[in-house]
Every structure is written in C-alpha cells, then in structure tokens.
Amino acid sequence: MSRLPHDARSSRRQFLAGGSSTLAGLALAGGPLGSFARGGEPRKLRVAAVVTEFTYRSHAHVILENFLEPYLFNGRRVDPRAEIVGLYVDQFPRREMARDVARAYGIRIYPTIAEALRAGGDRLAADAVLSIGEHGKYPTNAKGQVEYPRKRFFDEIVAEFRRSGATAPVFSDKHLSYRSDWATEMVATSRKMGFLLMAGSSVPLAARRPPMELPRGARITEAVSLHGGNLEGYDFHALEVMQSIVEARAGGETGIRDVEFLDGDRLWRAADDGRWSPALADAARATDPDPAHPGPLRELARSGGLRKDLHGILVTYKDGLRGMALNAARDGTHWHLACRLEGEAAPRATSFHVGPWENRNLFKALSHAIQQGFRSKRPPYPIERTLLTTCALDAAMDSRARGGKPVASPYLDVAYTPVDFHDLREMGDTWKIVTPGTPQPRGIDTTGRSRQ
C-alpha cells in the first residue's frame with residue numbers, strides 16, 4: 001500500500017483507535033508472521049472490492065478488515081500484504097463505514113464496478129476481486145429468498161475482464177446466487193474464461209470442538225447439521241457445513257437426487273418414517289457445552305421448548321446418503337454436526353466453534369483461505385461444493401413454496417472430488433489469545449496491535 005498523506009495517516013490512527021482496551025498479554029507486534037510476509041517480501045496483492053454495504057459487522061467489514069490489517073490464524077499473526085486499489089459500494093445506509101474506512105486507508109470509492117477494478121485507469125488494476133454480496137436492503141421474493149445482487153456483481157466484473165482482455169481470481173461471498181441457473185452459469189463462465197472462482201461459507205473453517213476427523217473415504221450413512229439462525233441465509237451455512245464433511249465420503253461427491261423443505265407435522269412424520277434421525281440431531285446438540293434447552297429434541301418440540309419456526313432441509317444424495325440441515329441450535333452463533341459411519345454404533349459429532357465476538361472471528365480463517373487462493377490461483381476447496389449447496393438451497397426454497405414436495409433438478413447433478421483443506425482450518429490456537437474477555441474492536445484493527 002502506498003504511503004498515506006499525513007492527514008490520512010492521522011485519520012487511520014483515529015479509526016484504529018475505535019476499539020476498546022489492549023488485548024491482555026498480546027505479544028503480536030514481534031510475533032511470528034504468516035507465510036505471506038516471509039522471505040523476499042512479495043509485492044502487495046492488489047485487490048478490488050465490490051460490496052453491497054459497509055456497516056459495522058457486515059460481511060464487508062469482517063472480511064475487508066483482514067485484508068487491511070494483520071489478523072490471527074491458528075495463533076499466528078499474519079500480514080495479508082494486500083492493498084485495496086478500488087472499492088465499489090452499492091448502498092450507503094445510515095451508520096455506514098465505507099467512507100471512514102476509505103479515508104483512513106487511502107482507498108478510493110468508485111461509482112461503478114468497472115472503475116473500481118481499473119482503479120480509475122484504463123485497464124484492469126487488480127490482481128484479485130472480492131465480491132461481497134451480503135447485507136443491505138434488497139427485495140425478498142415469493143419463495144423467501146433475499147435477492148442479493150451477487151450475479152449482477154459477477155456479470156459486471158466479467159464484463160470488465162472482457163473489456164480489458166485480462167482476468168483475475170474472484171471470491172464471491174456465501175452462496176453464488178439465489179437462482180440455480182445463474183449459479184451454474186457463473187461457474188461455467190469462470191471455467192470458459194480461465195479464471196479462478198471461489199465462494200462459500202466461513203463456518204466449515206471453524207475450530208471443531210471436540211476434535212473430529214473422519215477417516216479418508218469414510219462410509220457415511222447419515223448426517224445432521226444444525227444452525228440457530230434465520231431462513232435461507234443460515235440454512236446455507238448448515239448445508240455448507242454438512243457438505244464440507246460428507247463430500248469426503250467413499251466415492252466422493254456424486255450429486256443430489258432431491259431436496260425437501262420440512263416443517264410442522266411434515267418434519268416429524270419424516271422422522272417417524274425413518275427418513276431422518278432426531279437421535280442424531282440430539283448427538284449434534286450434545287456437543288454444545290451450554291445448551292439453552294437440554295433434553296431430547298422431540299420432547300422439547302412437543303413441550304414448546306424449541307423455536308416455533310423449526311424447519312429442516314432433507315437432502316437425499318444419489319448414492320443413498322441422507323442429510324438434514326435443521327435450525328435447532330441454540331442461536332445464530334452455534335453450529336453442530338453429527339454423522340453415522342457404517343459399522344460404528346456410536347455417532348461422531350462436533351461443534352464448529354466461532355470464537356469470541358459472535359461470528360466475526362469466523363472470517364479470519366476464511367480471509368486466510370481467500371488470500372491463499374488469490375496468490376496461488378488455486379482453489380482452497382472445489383467451487384463445486386458451493387455450487388451444489390447453492391442449488392440445494394434453491395431447491396429447498398422451491399420445495400417450501402410447493403408445500404414441502406420433494407424437488408429434483410438437473411442443477412443438483414454436481415459431482416466432484418474433494419480436497420484436503422485441513423491446513424486452512426482454524427484449529428483453536430487463536431482462541432488462546434483472543435478470549436471471551438477480550439474486548440471487541442469497534443473499528444478495523446483485529447489484533448489489538450494499534451492499542452498497545
């Protein structure tokens with residue numbers, strides 16, 4: 001990043017100082033640096049960012065802060081060695097942060113996506129593009145899907161690639177689109193044009209408590225993934241968590257046969273028919289060290305001890321595997337999974353621990369994975385994972401609109417070979433430094449370095 005003028009440096013210090021007191025005992029300033037900053041001091045990664053809105057704790061905030069300042073990954077301080085060369089912001093709501101952050105870091109906000117990618121020049125100026133299409137005020141359609149402009153962002157990015165005759169890796173936050181055909185088109189376009197496309201949830205990279213590592217080529221017969229958040233937006237995370245585990249089963253991923261949205265009596269009739277296992281959901285819930293509502297899921301539902309909008313997405317895979325994504329976790333910061341392996345009597349289960357500051361710290365590991373992909377131009381895990389979960393979520397919302405009828409779709413016919421992404425997961429050492437008592441910064445600084 002080029003040096004800021006004196007007034008911009010002062011503004012940056014003031015913005016960083018927006019956090020609370022210094023992290024107790026933090027020794028990051030002289031700590032070991034991540035691989036991005038070792039050796040021959042590589043040129044800073046030039047990144048263009050395209051976002052819906054930039055407000056406190058929005059995805060733009062919690063992703064970009066790890067590109068602007070050092071962050072913690074597995075207990076190590078990593079210098080991202082990146083600069084934001086151009087920023088496009090679609091909406092400026094009250095209490096927006098974009099202008100303050102831009103002023104503090106010497107970033108220019110451009111009126112169009114194309115200009116942000118060119119940094120005001122006449123050719124592509126970015127080595128990579130962050131497309132963050134989450135948050136903001138956008139329509140919700142009849143199926144209950146928020147129509148975030150992820151496909152529009154992608155199309156305008158691609159249009160600039162074509163105009164300039166150059167491409168760059170792209171990360172598109174969360175699921176690819178609310179429409180399966182658009183998501184499929186996005187992946188096909190990236191392949192045709194030869195640029196890396198990444199996407200997906202931050203939750204699969206969270207620390208697993210208790211530790212759970214499945215043997216390579218495990219024969220998984222059933223899986224249940226739990227979340228505690230809202231319709232669609234958090235259902236996606238639960239599907240992605242489940243997919244990140246079951247994709248490594250024997251035979252790899254062969255695709256999905258059909259998807260059903262189940263709520264009310266339909267949910268429990270499916271359980272009575274043996275199509276999903278409340279006992280497996282209970283095993284997943286049991287990994288929560290402090291459950292808000294202990295006890296068997298079925299009894300809690302009958303007694304009114306669970307949320308009234310309890311619903312599940314039942315996924316039947318082509319190879320016979322059954323998966324359920326259920327909104328039965330404590331709240332939107334808790335994620336659990338349990339699965340059964342052939343030949344094992346007891347299920348395997350874990351929680352995906354997000355660390356302090358609610359879900360904000362999930363984005364440290366995700367940002368680390370994105371930066372690895374941007375630099376290597378190789379995906380941290382296959383884009384097909386998120387293509388499949390995107391299409392499964394769309395099918396689930398179709399099923400909901402059709403009264404819970406199973407939905408089959410050619411867009412669910414996604415087969416791929418998984419990769420080992422162990423090295424990109426947070427294993428828990430960061431939470432020895434950032435503890436529940438560590439004050440959450442109000443600004444961008446994620447390590448407390450500026451407050452010493």
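Restricting the search to region 191-206, which residues are crowded, with 22+ Cβ neighbours inside 10 Å and either at positive phi or not in a loop (DSSP other than H, G, I, E, B) (or both)? Write out each step before concluding.
First pass over region 191-206, keeping only residues crowded, with 22+ Cβ neighbours inside 10 Å: 197-206.
197, 198, 199, 200, 203, 204, 205 - these are the residues of region 191-206 that are crowded, with 22+ Cβ neighbours inside 10 Å and either at positive phi or not in a loop (DSSP other than H, G, I, E, B) (or both).
Residues that are closer than 30 Å to residue 417 by Cβ and not hydroxyl-bearing (Ser, Thr, Tyr): find the helices (runs of 4 or more DSSP H) completely inside region 251-308 holding 3 or more of those.
Working: elements: 264-272, 278-285, 297-303.
Of the helices (runs of 4 or more DSSP H) lying wholly inside region 251-308, those with at least 3 residues that are closer than 30 Å to residue 417 by Cβ and not hydroxyl-bearing (Ser, Thr, Tyr) span 278-285.
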Residue 216: passes all of (1) in contact (Cβ under 8 Å) with a residue 60 or more places away in the chain; (2) not in a helix (DSSP H, G or I) but (1)
Just one listed residue, out of 203, 187, 246, is under 15 Å from residue 155 (Cα atoms), β-branched (Val, Ile, Thr) and modelled with pLDDT of 95 or more, and it is 187
Counted residues in region 147-185 being under 18 Å from the mean Cα position of the chain (by Cα) and outside any loop (DSSP other than H, G, I, E, B) come to 10
Given the conditions (1) assigned to a loop (DSSP other than H, G, I, E, B); (2) modelled with pLDDT of 95 or more; (3) polar (S, T, N, Q), every one holds for residue 372 apart from (1)
Counting only residues that are in contact with a helix residue (DSSP H, G or I) (Cβ under 6 Å, 6 or more places away or on another chain) and either surrounded by fewer than 22 Cβ atoms within 10 Å (Cβ to Cβ) or not in a strand (DSSP E or B) (or both), region 333-348 contains a total of 2
Flagged pairs (Cβ under 8 angstrom, 6 or more apart or on separate chains; first in region 386-407, part of a loop (DSSP other than H, G, I, E, B); second modelled with pLDDT of 95 or more and among the aromatic types (Phe, Trp, Tyr)) are 404/261
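The values are calculated or read from the model by the stated rules, or taken from the named source; none is laboratory data. All values reported here derive from a predicted model rather than from experimental measurement. FYI the Cβ positions are ideal-geometry reconstructions off the backbone, even for glycines, and counts take in every protein chain you see.
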